[in-house]
Amino acid sequence: MQSPVSSKAGSKPAHRFRLFSPILAGATLRERLVACIGALVSIGLTGLISGYLFGQGPYLPLIVAPMGASAVLLFAVPASPLAQPWSIIGGNTISALMGIVAAYFIPDPIIAIGVGVSLAIGAMSFTRCLHPPGGAAALTAVLGGPVVASWGFLFPFVPVGLNSCILVGLGLVFHKLSRRNYPHVAPKPVENTHQTIDPPSSQRVGFSEEDIDAALEAAQETFDIDRGDLSRLLRQVELHAIIRANAGIDCADIMSRDVIGINEDDSPDHARRLLLKHNIRTLPVTDDGGRLIGTVGLRELFEATERIRPVLSKPAIASASDPALSLLPILTDGRTHAVIIVDADHRIHGLISQTDLLSAIARLLPTDPATVPAVA
């Protein structure tokens, strides 16, 4: 069920305690507590499982130190490209292998540690599994002493690769149970729902994907965020700026209050007649208690035979106190023609169509001819 973006939340100071800045964007106390619990459970179980599989002899460490750093990324910043499954498994394993190679061919440990970490960064970059703890895995492989030396070229796979696989597996389960999005997949670019080559209407003004590429190139820095996430974040910033600048217009101000709707027991023919008679595209459908349960339009009714309920669409809803311009993303998605305004009990208070929102936006445009650019 769709809902609008709210602008009612108060803004927090950017740097409440400058001593502890910078802090991760979007970090909350709940997220940090979840990260602590995830690391506690997963690191403990990783050591326990590794010990169960291969014993606890002095020449086989249960768990290698870089797993602690991997756990920080896996549970504290699971959306980071550096914390994805292949980054953890591939980054740690390949880096440890680079460290073993450096230690094998370079007898001087001072030179070997530099070469090992350097090779690890290069190998992770080429294999698209950059993972900061991989540098520690390379160092461990070079400076691990008799324990690592006894395992030789098997060390990158057992225990490093084994630990990484177990940790990622436990992380997948934990994030699933805690309802977090992992592995993180950046949303796909919005496509034109009408299947034409034009970009979606929401992306025909403002910045373009080429602008993002140009800005990243001009910054001459590498940022720990997926490019798709960056694009989505910037569009949210644009939307919130528009809502904030026009916060005085609520849904209650522009909604239609005399809403044409039907009951779930009405016939499809009756619904079609109402749509055509009132020249509207969306009919709210209510149950016997008067609560909104869905919407129908001519597209849905095309497949209806005797009953309406089987062809209902999920309604786009908002509350009367929501900012009217927060409905922009919903009413410009190419599919939704109206948003139903409901109360906490899902009883209908009004309806805002694309026309209603367009009329409200038109009233915000400057009326002074001097401020309106001439149209050639």
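Each reported figure results from applying straightforward, stated rules to the coordinates on display, with no laboratory input. If you're wondering where the values come from, they're calculated on a predicted model, not measured in any experiment. Every residue, glycine as well, gets a Cβ built from its backbone with ideal geometry; the counts of neighbours run over all protein chains shown.
Each of residue 181 and residue 230 was given a label point 7 Å from its Cα along the Cα-to-Cβ line. The distance between the two points is 1.7 nm.
Using the Cβ-Cβ distance between residue 198 and residue 128 with R0 set to 35 Å, the FRET efficiency works out to roughly 0.60. The phi torsions of the range 308-320, fed into the Karplus equation with coefficients 6.51, -1.76 and 1.60 and a -60° offset, translate into couplings of 8, 3, x, 10, 5, 9, 5, x, 8, 10, 7, 9, 5 Hz, rounded to whole numbers, with Gly and Pro shown as x.
In order along the range 283-296, phi translates into HN-Hα couplings of 10, x, 10, 10, 8, 5, x, x, 9, 5, 10, x, 9, 9 Hz, rounded to whole numbers, per the Karplus curve 6.51 cos²θ - 1.76 cosθ + 1.60 with θ = phi - 60° and x for Gly and Pro. Note on residue 48 and residue 28: their simple-model spin labels are 2.9 nm apart, each label 7 Å out from Cα toward Cβ. For the range 90-181, the mean projected area of the C-alpha convex hull, equal to one quarter of the hull surface, is 6.0 nm². Taking θ as phi - 60° and the Karplus parameters 6.51, -1.76 and 1.60, the scalar couplings of the range 172-177 work out to 4, 5, 4, 5, 5, 5 Hz in sequence order, x denoting glycine and proline.
A protection proxy built from the mean count of other Cβ atoms within 10 Å ranks the segments 162-168, 108-114, most packed first, as 162-168, 108-114. A Förster radius of 25 Å, combined with the Cβ-Cβ distance separating residue 333 from residue 303, puts the computed FRET efficiency at roughly 0.70.
Taking every alpha-carbon pair in the range 257-376 and binning the separations at 5 Å intervals from zero gives 2, 11, 20, 20, 18, 11, 7, 4, 4, 3, 1, 0 percent.
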